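The structure appears below as structure tokens.
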Amino acid sequence: MAKKPFRVGMIGYGFMGRAHTNAYKQVGQFFPGEHEVVLKAACARDAAKAQAFADQWGYETIETDWRKLVERPDIDAVDICVPNNLHAEMAVAAARAGKAILCEKPLAMNAAEGRTMVAAVEAAKVPNMVWYNYRRIPAVSLAKKLIDEGRLGKVFHYRAKFLQDWTIKSDLPQGGQGLWRLDAAAAGAGVSGDLLAHCIDTALWFNGRLDSVCAMTEVFVKERPHNLTGKMEAVTIDDACLFFGKFANGSLANFESTRYARGHKAQYTFEINGEDMSIAWDLHDLHRLQIFDYKDEGKIRGWKSVHVTDNSPDHPYMANWWVPGLAIGYDSSFTHQVADFLAGLGSGKPASPTFRDALETQLVLDAILDSAKSQRWKTVEQA
Ligand SMILES: NC(=O)c1ccc[n+]([C@@H]2O[C@H](COP(=O)([O-])OP(=O)(O)OC[C@H]3O[C@@H](n4cnc5c(N)ncnc54)[C@H](O)[C@@H]3O)[C@@H](O)[C@H]2O)c1
């Protein structure tokens, strides 16, 4: 049977533009379904760079103005892979043009913008998703399965960290191509929106609502040269962010992110302690889930390291890859996300996280920054 075309218009050709395009190219081979992805158009402001990206990755055409891209009748879905300050405007325009939208995280600069985006996609009734891709690393998906099966029992603690070290140099500039993450005008926030957003998304998915938070942020390098103005300017993002919180289920949250943890490149870790079971995961060892099951027989009870690579349905997504024991990588999480998004189209069960789901994370981020500023506990607003 002929497959339905899913014609993608990609905005941005950076890190995520490449990660998503790689996923679009893999999905039909490893997760064949009703749809065939067509790489229809790549959009960037510079025509030569857009063309080079299109040629390398196989896009049929280019655009230099994203507004033209979202209006094109030969595009079914718009993929937003640009700095955070552009997400809302692009997503709202794409929704009004009736396109499916796959938007990078964080959803928006803040919750107010996020609400506008949710309203736009829900009014237009267009399929929508945010790329919180860590959900789809098989070991993380397996953790979700264990939690949903009730194996942890009552949860007491949820601990998560996302550590990097690339901004320690005080002469590193802020702003512009490649360094927009250090510029609050483009990024919205620092490590909270960039790194903690992932930890919060996973936590809400696993453990439900966070009711209240108490946060602390720090800026270690107070001024940096700005690439766009050429002047020394105050650093307005958070370099580090720590917060405590209380989940609606009564468990306690303990989160940390920084770009000043010398030696750590992208160490996302979580550990959840329940009455009957604890589980832990580390992005640097992404195919392993650490499990301590108190119900195990006493003499063999202990932490076990499960290599989540079996091709049985027990290990999410793995049946579609290689033979048991062979690991897949970071890139596959995006392939899984596209596969789930395509499977969700028309099924009445959209792939998560939708814009509405991602707004929950945005509300936690707003509460964290508000708490750090006011040095008070804050209640997380309801979506
Ligand atoms: N899911 C994840 O794990 C993950 C990882 C990295 C980044 N992100 C998110 O992805 C988004 C992009 O990040 P990145 O690392 O790919 O950034 P990047 O700097 O590598 O790429 C950004 C791209 O946006 C383009 N761009 C900027 N303004 C534009 C405009 N007006 N019109 C068209 N193109 C424009 C740039 O030319 C560049 O190609 C951000 O929202 C970021 O938070 C998510």
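None of the figures in this text is laboratory data; all of them are computed from the coordinates on show. Values in this document were obtained by computation on a predicted structure and should not be read as measured data. Here Cβ is always computed from backbone atoms with ideal geometry, including for glycine, and neighbour counts include all displayed protein chains.
Can you grab the distance from the C-alpha centre of segment 29-99 to the C-alpha centre of segment 170-210, Å, no decimals? Each part reduced to its Cα centre gives a spacing of 23 Å.
Sequentially through segment 174-189, phi angles give Karplus couplings (6.51, -1.76, 1.60; θ = phi - 60°) of 10, x, x, 3, x, 10, 4, 4, 8, 10, 4, 5, 9, 9, x, 8 Hz, Gly and Pro residues having no value and appearing as x.
Summing +1 for each Lys or Arg and -1 for each Asp or Glu among the other residues whose beta-carbon sits under 12 angstrom from that of Arg136 gives -1. Across segment 77-87, computed HN-Hα scalar couplings (Karplus, 6.51 cos²θ - 1.76 cosθ + 1.60, θ = phi - 60°) run 9, 10, 10, 9, 10, 10, x, 4, 5, 9, 4 Hz from first to last residue, x flagging Gly and Pro.
Among the GluC sites (Glu not before Pro) in segment 243-344, those placed in a DSSP loop whose Cβ has at most 12 other Cβ atoms within 10 Å are Glu275, Glu297. For Leu252 and Ala185, the FRET efficiency from 1/(1 + (r/R0)^6), where r spans their Cβ atoms and R0 equals 41 Å, is about 0.75. In plain terms, the residue of Ser212, Ser374, Ser332, Ser257 with the fewest other Cβ atoms within 10 Å comes first and the most crowded comes last, giving Ser374, Ser212, Ser332, Ser257. Highest mean first, the peptides 51-58, 92-99, 15-22, 104-111 sorted by other C-beta atoms within 10 Å per residue fall in the order 104-111, 92-99, 15-22, 51-58.
The alpha-carbon atoms of the chain, seen along their principal axes, cover 64, 59, 39 angstrom, with the largest extent given first. Computed from backbone phi, the HN-Hα couplings of segment 117-132 come to 5, 4, 4, 5, 6, 6, 5, 7, 6, 9, x, 8, 7, 10, 7, 7 Hz, rounded to whole numbers (Karplus: 6.51 cos²θ - 1.76 cosθ + 1.60, θ = phi - 60°; Gly and Pro given as x).
Put in order of Cβ neighbour count within 10 Å, fewest first, the listed residues Phe270, Phe220 become Phe220, Phe270. Here r is the Cβ-Cβ distance between Ala124 and Lys299 and R0 is 51 Å; the resulting FRET efficiency, rounded to 0.05, is 0.30. Under a plain spin-label model, where a point goes 7 Å from the Cα along Cα-to-Cβ, how far apart in nm are Glu71 and Glu149? With each label placed 7 Å out from Cα toward Cβ, I get 5.3 nm. What does the charge count around His87 come to, taking other residues whose C-beta lies under 12 Å from its C-beta (Lys +1, Arg +1, Asp -1, Glu -1)? Result for the neighbourhood of His87: -3.
Checking the Cα-Cα distances for Lys161/Lys378; Lys40/Lys144; Lys4/Lys49; Lys231/Lys373; Lys145/Lys265; Lys40/Lys105 against a 32 Å cut-off, the pairs over it are Lys40/Lys144. Would you mind counting up the charge near Glu36? Only other residues with Cβ under 15 Å from its Cβ, with Lys and Arg at +1 and Asp and Glu at -1. Overall, the nearby charge balance is +1.
Kindly work out what percent of the DSSP beta bridges joining two residues of the chain are antiparallel, to the nearest 5. Mind dumping the intermediate values first?
Details: 42 of 72 bridges.
Taking every DSSP beta bridge within the chain, about 60 percent pair in antiparallel fashion.
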